[in-house]
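The block underneath contains the structure these notes are about, expressed in structure tokens.
The values are calculated or read from the model by the stated rules, or taken from the named source; none is laboratory data. What you see is a predicted model, and the numbers here were worked out from it, not measured in a lab. When we count neighbours, we look across all protein chains shown, and the Cβ atoms used for this are built from the backbone with ideal geometry, even at glycine. Each accessible area value is taken on the protein alone, full model and side chains, heavy atoms only, with ligands, DNA and RNA left out. Shrake-Rupley method; radii C 1.70, N 1.55, O 1.52, S 1.80 Å.
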Amino acid sequence: MGHDHGAPSAAAGTLSGTYRRRLLITIGISAFITVLQVVGGLLSGSLALLADAAHSLTDAIGVALALGAITLAQRAPTPRRTFGFYRVEIFSAVLNALLLLGIFAWVVFSAVRRFDEPVEVRGGLTLVVAVLGLLANLVGLWLLRDAKERSLNLRGAYLEVLGDALGSVAVIVGALVVLLTGWDAADPVAALAIGLLIVPRAWSLLRDAGHVLLEATPQDTDLAVVRAHLLAEPGVVDVHDLHAWTVTSGMPVLTAHVVVEPGTLGAEDLGPLLHRLQDCLGDHFDIAHSTLQLEPVGHGEG
């Protein structure tokens, strides 16, 4: 493996780019569900359907943001943006989470008003629309089934669709209670359940995106272990100023100052040492982009 001095190539793209077509289909599904649930909610008087429609709308917006971020991320790096637009994916994930929290606040407010001012709900129509919405969401989940572990941006899109599917289940349960018992308050209760489903997902997405934006060490990287591996290479005396962070999902980077034995910095030794260090980072820690400064013993002292 050669020593990588520059930013990742645009041709490499991001993990999310593989799923562009699937995201387009998911946007269409979310848009269809939104229209279906708005019409159904207005005709049936179901707040749960309207809440799920609002959630579906944020799904469509969130996935569209993810798709836009992916498109920007494919643009080639420039001298002013040496890592290109990869970080846009993380900002998109943050915006997704904020949209979810906004929907949660609206759902809670509307449900509390329904308890004070009950509305008659047509349970049969609500049930039919909710089942159709659930089936459509299951298609979306299938399209993104293998994406959630590979990209924070795609994870956000997957969680949006999963939350909407669970929301449809809540609407179905509420509609069945209305049909079987005549208790119309089951509908705003289902709406509250949809709202509560949103919070853990939004928080998880915000936490992980914040971890990247703060340039914290990747969660699966132990710098003490990295340092030990580098020190085990022949000719390496010390490692300091060791830093690792994530540019975007699936793209960890690392920098370090590596102190080497006297005489190791000769032209005939420099290339092989760099290759060994780079191979160590790539093979053991899946870090393909690293910048290593080799220093002789005593450099910077005094």
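Summary of computed values
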read-out	value
Residue 32 accessible area, assembled protein chains, probe 1.4 Å, Å²	110 Å²
At R0 = 45 Å, FRET efficiency that the Cβ-Cβ distance of residue 241 and residue 142 yields, to 0.05	0.45
Solvent-accessible area of residue 20 with every protein chain in place, 1.4 Å probe, in Å² to the nearest 10	80 Å²
Beta bridge orientation in the chain: antiparallel %, DSSP, nearest 5	55 percent
Sequence of 245, 203, 106 when ordered by accessible area, the most exposed leading, probe 1.4 angstrom	203, 106, 245
By accessible area with a 1.4 Å probe, ligands and nucleic acids excluded, highest first: order of 217, 246	217, 246
Rounded to 5, the percent of DSSP beta bridges in region 156-302 classed as antiparallel	55 percent
Efficiency of FRET from Cβ geometry, residue 135 and residue 228, R₀ 41 Å, rounded to 0.05	0.20
Charge sum, other residues only, whose C-beta stays under 13 Å from residue 207's C-beta, Lys/Arg counted +1 and Asp/Glu -1	+1
Counted charge near residue 118, where neighbours are those whose Cβ lies closer than 12 Å (Asp, Glu -1; Lys, Arg +1)	-3
nm² value of the averaged projected area, convex hull over the Cα atoms of the chain	18.9 nm²
Carbon and sulfur %, accessible surface of the chain computed with the full protein complex present, 1.4 Å	65 percent
Cα convex hull of region 177-302, projected area averaged across orientations, nm²	11.7 nm²
Solvent-accessible heavy-atom area per residue, rounded to whole Å², over the chain at 1.4 Å	47 Å²
Debye equation applied to the C-alpha atoms of region 84-123, log10 I(q)/I(0) at 0.31, 0.35 Å⁻¹	-0.95, -1.02
Point-charge dipole on Cβ atoms (K/R +1, D/E -1) for region 49-171, about Cα centre, debye to 20	620 debye
Cα centre as origin, Lys/Arg/Asp/Glu Cβ charges: region 177-302 dipole, Debye	520 debye
